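Worksheet: the structure to be examined is printed underneath.
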Amino acid sequence: MNIQSSFFFDFFYDNFKLHKRTTMNIQNYIGGALVNPSSNLFLDNFNPAIGKVYSYIPNSEKEDIQNAYKAAKNAFSAWSKTSKEGRFKVMMRIAELIEERHDELALAESIDNGKPVKLAQQVDIPRAASNIRFFATAILHFASESHDMDGVAINYTLRKPIGVVGCISPWNLPLYLFTWKIAPALAAGNTVIAKPSEITPMTAYLFSKICIEAGLPAGVLNIVHGLGVKVGAAITEHPGIKAISFTGGTETGKAIAKVAAPMFKKLSLELGGKNPNVIFADCDFDNALRTSVMSSFANQGQICLCGSRIFVERPIYEKFKTAFVEKVSKLKVGDPNDSNSNLGALVSKQHLEKVLGYINLAKEEGGTILTGGNQIHLEGKLANGNYLAPTVIEGLSFDCRTNQEEIFGPVVTIMPFDTEEEVLSYANSTQYGLAATVWTQDVTKANRMAANLESGIVWVNCWLVRDLRTPFGGVKNSGVGREGGFNALNFFTEQTNVCVKL
Ligand code: NDP
């Protein structure tokens, strides 16, 4: 598809002016049908590249969650009894349809989120298809344990779907993280009520159309759009929804846990991060440099796994800093639809302001801006978009607020260190522990660092290399539980131990 002249491009970029609410409305997906919210009220959905409303999303209420719950509960018996092969087949069809709509979905994701369309084409949409395919096949290999008591008795573990479960996902990798949760839940035989971020609802809406076309039985998946504090909270509070898989900010995770824990719901919480990127003097310099540019600024720095604190061993500090700043200053911030843009728009005006606020804070805390630090005002139709120059800050202490709080934008700090013990204390000093990156050619040092970093994930001499079978999640305030592979299928099933006397 020629993106520049596509129907989608014209539709999303220009037709918002016509305010054709009937054609631009996103709808909920409840009981197998696309429906308006019970209130019949809609919220504005902005295109962050142009700063204008281009569609409307359901402003759903508790009542919509209740309708979704009824549909999911009705569908549970048949879906949980559907053979694994049957679930596999319909999920594989969904994955195929995502691939067939690859270009359309990538463009929709880019327009909704502000990310470069190239990134959505290469990462978000292929990964959404992989998520569905991975868990469709994983369920065929999912086994449970047996424990033999030396001829006295034998125990075996039944793993049963939980029932109706809730999946709540954020705006940074919309379809990618939405499917990462839904796929294992469905594969394990649960029925699902899912809520995408109100800021990026479009691909979840297109996904609901795909599910209908693929023949997913009515009520098996229900997608309810709207505000987190209303719709997300209604999912969390609903007594019939027995498990919640949530990805988002740490404060929201706390709010969810506060409500869900006394109800004894199963909880998987994937939360914020403040990831260290540790570069030793004996690293492969070019690789560390090239990858650090990516790990700092991919998706405008709005990936929970981005390295936001760069620690460089003193002997190469000046050399690395100079080369890094030079490369970063050449990154092109521009139209997400232009394949030459390295960075697109930040997801919203509020988020842009939040990130700018952190840049000001860094200055107040004594930081020096080495490059960036400013909003970028593009021309023409992009004049009201949320653009920010990729920013590198030096001269801050490891324990200042800028180095302790999650910024979640195209902003990194850089600082030198002298010893392994010192950098470990810096790296582990935050409340977070999601991901860390280590660059060294010394295998022993790399393994020692990996063992001592307080982090759910450690990448050595690489970043964002993902095997979907591996445990994914954070320690400390970065979350509770692990997703990925059989971890996710374990989460979405309940165990019964059966003890049979021999
Ligand atoms: P939020 O926590 O604001 O929102 C996440 C989701 O929760 C959204 O769908 C939101 O809805 C919903 N929500 C908001 N309030 C409530 C509530 N009271 N009850 C239930 N649901 C609610 O996160 P962001 O969307 O801003 O995403 C960015 C955050 O996500 C960052 O902190 C980032 O680190 C984290 N993240 C973590 C990842 C991980 O794997 N650990 C991966 C990706 C991101 P709405 O949007 O409508 O408010």
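The values are calculated or read from the model by the stated rules, or taken from the named source; none is laboratory data. In this text, all values refer to a predicted model and were calculated from it rather than measured experimentally. Methodologically, a virtual Cβ is constructed for each residue, glycine included, from the backbone with ideal geometry; neighbour enumeration extends over all protein chains shown. With ligands, DNA and RNA removed, areas are computed over all heavy atoms of the protein, side chains included. Shrake-Rupley method; radii C 1.70, N 1.55, O 1.52, S 1.80 Å.
Taking the Kirkwood radius as the inverse of the mean 1/r across Cα pairs, report the Rg/Rh of segment 387-502.
Numbers: Rg = 18.5 Å, Rh = 16.9 Å.
With Rg and the Kirkwood Rh in hand, the quotient comes to 1.10.
Between the alpha-carbon centers of segment 311-337 and segment 366-437, tell me the distance in whole angstrom.
First find each Cα centre; the distance between them is then 12 Å.
Quick one: if you stick a label point 7 Å off each Cα along the C-beta vector at Thr322 and Thr470, how many nm between them?
Going by the 7 Å Cα→Cβ label model, 3.4 nm.
Rounded to the nearest 20 Debye, what is the dipole magnitude of segment 275-469 about its Cα centre when Lys and Arg each give +1 and Asp and Glu each give -1 at the C-beta? Don't skip to the end; give the middle numbers.
Details: 17 positive and 23 negative charges, 113 e Å.
Computed charge dipole of segment 275-469: roughly 540 debye.
At Lys363 and Lys62, where each label point lies 7 Å from the Cα along Cα→Cβ, what is the point-to-point distance in nanometres?
4.6
Run the numbers for Ser83 and His377: contour at 0.36 nm per residue of separation, minus the present Cα-Cα distance, in nm.
Values: separation 294, 0.36 × 294 = 105.84 nm, distance 5.49 nm.
Going from the current span to full extension adds 100.3 nm.
List the DSSP H helices in the chain whose Cα atoms stretch 30 Å or more along the helix axis and whose mean Kyte-Doolittle hydropathy is at least 1.6.
Working: long enough: none.
Long hydrophobic helices here: none detected.
For Tyr358, what accessible area in Å² do you get when you roll a 1.4 Å probe over the heavy atoms of the protein chains, rounding to the nearest 10?
Ignoring ligands and nucleic acids, Tyr358 comes out at about 30 Å².
Place the peptides 305-314, 279-288, 492-501, 179-188 in order of packing, highest mean first, counting for every residue the other Cβ atoms within 10 Å and averaging per peptide. The partial results should precede the final answer.
Working: 305-314: 23.1, 279-288: 17.6, 492-501: 14.0, 179-188: 28.4.
Per-residue mean Cβ counts within 10 Å order the peptides as 179-188, 305-314, 279-288, 492-501.
Could you sort Phe264, Phe398, Phe486, Phe297 by their accessible area in this structure, using a 1.4 Å probe and putting the largest first? Working shown, then result.
Numbers: Phe264 180, Phe398 65, Phe486 100, Phe297 5 Å².
So, going from the largest accessible area down, we get Phe264, Phe486, Phe398, Phe297.
How much of Asp112 can a 1.4 Å solvent probe reach, expressed as accessible area in Å² and rounded to 10?
Probe radius 1.4 Å; accessible area of Asp112 about 0 Å².
Once you list every other residue whose beta carbon is under 11 Å from the beta carbon of Leu502, what net charge do they have if Lys and Arg are +1 and Asp and Glu are -1? Before the final figure, lay out each step's value.
Values: positive: Lys501; negative: Asp148, Asp150.
Around Leu502, the surrounding residues sum to -1.
From the residues Leu356, Asn447, Thr419, which one has its Cα farthest along the dipole of segment 275-469 in the positive direction, the dipole being from +1 and -1 charges on Cβ of Lys/Arg and Asp/Glu about the Cα centre?
Towards the positive end, the residue furthest out is Leu356.
Please compute the volume of the convex hull spanned by the alpha-carbon atoms of segment 369-420 and report it per residue in Å³. Let's see the in-between values first.
Values: hull volume 4.7 nm³, N = 52.
Normalising the Cα hull of segment 369-420 by residue number yields 91 Å³.
Hey, which of these cross-link pairs are over 23 Å Cα-Cα: Lys73/Lys254; Lys321/Lys349; Lys115/Lys349; Lys254/Lys363; Lys70/Lys209; Lys160/Lys254?
Working: Lys73/Lys254 27 Å; Lys321/Lys349 30 Å; Lys115/Lys349 14 Å; Lys254/Lys363 30 Å; Lys70/Lys209 20 Å; Lys160/Lys254 28 Å.
Pairs exceeding the cut-off: Lys73/Lys254; Lys321/Lys349; Lys254/Lys363; Lys160/Lys254.
Just the C-alpha atoms of the chain: what Rg/Rh do they give, with Rh taken as the Kirkwood radius?
Numbers: Rg = 23.2 Å, Rh = 23.6 Å.
Radius of gyration relative to Kirkwood radius: 0.98.
Roughly how many Å² of His377 are accessible to a 1.4 Å probe, to the nearest 10?
130
Based on the mean of other Cβ atoms within 10 Å per residue, sort peptides 270-276, 37-43 so the most packed one is first. The partial results should precede the final answer.
On the way: 270-276: 26.1, 37-43: 16.9.
Result, highest mean Cβ count within 10 Å first: 270-276, 37-43.
Out of the DSSP beta bridges found with both residues in segment 275-469, what percent are antiparallel (nearest 5)? Let's see the in-between values first.
On the way: 5 of 27 bridges.
Close to 20 percent.
Tell me the net charge near Asn477. Cut-off is 13 Å between Cβ atoms, Asn477 excluded, with +1 for each Lys or Arg and -1 for each Asp or Glu.
On the way: positive: Lys254, Lys274, Lys476; negative: Glu251, Glu270, Glu405, Glu406, Glu454.
Net local charge, Asn477 excluded: -2.
Roughly what would the spin-label model give for Lys254 and Asp442, points 7 Å off Cα along C-beta, in nm?
3.9
Given 4 °C and 1.567 mPa s, compute D for segment 238-356 with the Stokes-Einstein relation, Rh being the Kirkwood radius over Cα pairs; round to the nearest whole µm²/s. Write out the running numbers ahead of the final one.
On the way: Rh = 17.2 Å.
Here the translational diffusion coefficient equals 75 µm²/s.
Can you work out the accessible area per residue across the chain, with the rest of the protein chains kept in place, probe 1.4 Å, in square angstrom?
Heavy-atom accessible area per residue stands at 39 Å².
Tell me, in nm to one decimal, what length is gained between Lys501 and Glu145 on full extension, where the rule is 0.36 nm per residue of separation less the Cα-Cα distance?
Working: separation 356, 0.36 × 356 = 128.16 nm, distance 1.69 nm.
Full extension of this stretch gives 126.5 nm more.
Give the percent of DSSP beta bridges with both residues in segment 367-484 that are antiparallel, rounded to the nearest 5. Don't jump to the answer; show the numbers that get you there.
On the way: 6 of 14 bridges.
Of those bridges, close to 45 percent are antiparallel.
Let me have the 222 nm mean residue ellipticity of the chain computed from DSSP H runs of 4+ only, each contributing -39500 (n - 2.57), with the sum over all residues rounded to the nearest 500. Intermediate values should be presented prior to the final figure.
On the way: 16 runs with 188 residues, N = 502.
My calculation for the chain gives -11500 deg cm²/dmol from helical runs alone.
Can you tally the net charge around Thr419? Count Lys and Arg as +1, Asp and Glu as -1, for every other residue whose Cβ sits under 10 Å from the Cβ of Thr419. Can you show the working numbers first?
Values: positive: Arg314; negative: Glu313, Asp418, Glu420, Glu421, Glu422.
So the surrounding residues net to -4.
In what sequence, highest mean first, do 337-343, 205-211, 151-157 appear when ranked by Cβ atoms within 10 angstrom?
The packing order, highest mean first, is 205-211, 337-343, 151-157.
If the only charges are +1 at each Lys and Arg Cβ and -1 at each Asp and Glu Cβ, what is the size of the charge dipole of the chain around the Cα centre, to the nearest 20 debye? All intermediate terms of the calculation are to be shown ahead of the outcome.
On the way: 49 positive and 48 negative charges, 294 e Å.
Around 1400 debye, computed over the chain.
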